[in-house]
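Remarks on the structure that follows.
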Amino acid sequence: MNDMNPVGAKTIAPDLPSLAISVRGLAKRYGTVAALDGIDLDVPRGMIFGILGPNGAGKTTLIRLLATLARPDGGTASVMGHDVASNPQAVRGVIALTGQFASLDEDLTGRENLVMFARLWGFSASAAKTRANELLAAFELSDASRKQVKSYSGGMRRRLDIAASLIVTPGVLFLDEPTTGLDPKARQGVWKMIRSLAQFGVTILLTTQYLEEADQLAARIAVIDRGRKIAEGTSRELKSAIGSGFLHVALGDHKRMDEAEKILEKALGAPVQRSAEGAQLSVVAGSTRAANEALGVLISAGIELSDFSMGSPSLDEVFFALTGQPVEEESPGEAS
Ligand code: ATP
């Protein structure tokens, strides 16, 4: 491996702990709400680890506790071997958090913002310029570097935000919904940056409301719901735990969707999920035989099928099977 990565990070020394994050029984209450109710988590160094959960599951609380922005009520957590409760200063020295430490000045240019942050970190004027230029190049912002941030697109702004949190390359980077509200092209750009950081040893804990994002980026995913971890594994493991016997059905007549949903639910005894566009129904069938029987009931009720297939669930369907609810997509700009 090179000694320096594209954003100037030194390769992490081999004597660091093998786990970047280790969490046992972590708990946090807000009044009567158990925001976190005894979470265990191990994140190996250099991994992109995804945290998935519906609104209010506790994702942001977990990141806040790990970033020492809030104190746990129970359990333990360490980041790069430093305990968050007894040694928060040491934790702060090895982490970065987007959107928290980097608050961009809209009237300054991209370069001026990065130089300002580098100066705040104690870089000399010339070292700050060098670092700003390195980051602008690595985040493909060199062309826009002399424009005011207020003229930037959402994707450029998010890339600059991440760049600003990497003036000093952290051991662990927390990304709380890094692409919420971005269009697909801008999202791809941010993903590219996140991947290149991970390639060079930065551990990344990311929360996301986009299952595709977790699928694309995260080597492991923990699904949390109501403050508890309900599943963990690679995307493939999570999918195969739910089973490959997933029945997907599309109807010729959309008006009979409700009826078809009820029939499938009764025939297979499992909750039925509708695709976002409402055109497809998906349900765990378990076996081909059970799927055939359920299709038979639909057909004998006179419901015309335009398509059906059996296969692996999407991560979206895994999430639904685990939590009984779809991932709620927030409006752009409402990142938690
Ligand atoms: P979202 O995606 O909606 O932001 P989340 O998974 O990040 O959800 P958290 O923000 O961690 O969830 O919230 C978990 C629970 O704790 C929620 O019920 C929330 O209302 C509650 N909670 C979080 N922070 C506070 C706070 N400062 N005061 C009171 N309740 C809180």
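Quick notes on this one:
- Unique residue being in a helix (DSSP H, G or I) and in contact with a helix residue (DSSP H, G or I) (Cβ under 9 Å, 6 or more places away or on another chain) when the list is Arg157, Arg92: Arg157
- Residues of the range 20-36 classified as under 15 Å from Gly58 (Cβ atoms) and surrounded by fewer than 19 Cβ atoms within 10 Å (Cβ to Cβ), total: 8
- Considering Val190, Val202, the condition of being under 24 Å from Ala90 (Cβ atoms) and among the hydrophobic types (A, V, I, L, M, F, W, C) is satisfied by Val202 alone.
- Among all residues of the range 1-10, there is none that is surrounded by fewer than 21 Cβ atoms within 10 Å (Cβ to Cβ), at pLDDT 90 or above and more than 16 Å from the ligand (Cβ to nearest atom).
- Within the range 249-269, considering residues that are farther than 14 Å from Val297 by Cβ and small (Gly, Ala, Ser), the one modelled with the highest pLDDT: Ala250
- Against the test of being among the hydroxyl-bearing types (Ser, Thr, Tyr) and at pLDDT below 95, the options Thr60, Thr109 yield a single qualifying residue, Thr60.
- Among residues of the range 206-217 that are in a helix (DSSP H, G or I), those with a beta-carbon under 7 Å from a residue that is at pLDDT below 90 and of a type in the set (Asp, Glu) at least six positions away or on a different chain give the pairs Leu211/Asp316.
- Hits in the range 123-167 - residues which are of a type in the set (S, T, N, Q) and touching an Asp or Glu at 6+ places or on another chain (Cβ under 7 Å): Gln148
- Only residues that are surrounded by 23 or more Cβ atoms within 10 Å (Cβ to Cβ), within 14 Å of Lys59 (Cα to Cα) and modelled with pLDDT of 90 or more were counted in the range 205-231, giving 7.
- Taking the range 61-78 as the range and being assigned to a loop (DSSP other than H, G, I, E, B), within 17 Å of Leu175 (Cα to Cα) and either more than 16 Å from the ligand (Cβ to nearest atom) or not hydrophobic (A, V, I, L, M, F, W, C) (or both) as the test, only Thr68 passes.
- Taking the range 139-168 as the range and being surrounded by fewer than 21 Cβ atoms within 10 Å (Cβ to Cβ) and closer than 15 Å to Val202 by Cα as the test, only Val168 passes.
- Filtered residues of the range 85-103 (kept if surrounded by 16 or more Cβ atoms within 10 Å (Cβ to Cβ), touching a residue at least 12 places away in the same chain (Cβ under 8 Å) and more than 16 Å from the ligand (Cβ to nearest atom)): Pro88, Val91, Arg92, Val94, Ile95, Ala96, Phe101, Ala102
- Identity of the residue in the range 172-199, among the β-branched types (Val, Ile, Thr) and away from the ligand (no atom under 16 Å from the Cβ), that ends up modelled with the highest pLDDT: Val172
- Some residue of the range 292-303 being surrounded by 14 or more Cβ atoms within 10 Å (Cβ to Cβ) and touching a Gly at 6+ places or on another chain (Cβ under 7 Å): no
- Among the candidates Gly81, Gly53, Gly58, residue that is within 29 Å of Ala214 (Cβ to Cβ) and away from the ligand (no atom under 16 Å from the Cβ): Gly81
- Scope the range 135-154; condition at pLDDT 90 or above, of a type outside the set (A, V, I, L, M, F, W, C) and either in a helix (DSSP H, G or I) or more than 25 Å from the chain's Cα centre (by Cα) (or both); matching residues: Ser142, Asp143, Ser145, Arg146, Lys147, Gln148, Lys150, Ser151
- Any hit, the range 36-49, residues being within 13 Å of the ligand (Cβ to nearest atom) and free of Cβ contacts under 8 Å to residues at least 24 places away in the same chain: no
- Members of the range 274-309 found to be under 14 Å from Glu259 (Cα atoms), assigned to a strand (DSSP E or B) and at pLDDT 90 or above, listed by number: Leu281, Leu305
The values are calculated or read from the model by the stated rules, or taken from the named source; none is laboratory data. Model, not experiment: these values are computed from the prediction. Every residue, glycine as well, gets a Cβ built from its backbone with ideal geometry; the counts of neighbours run over all protein chains shown.
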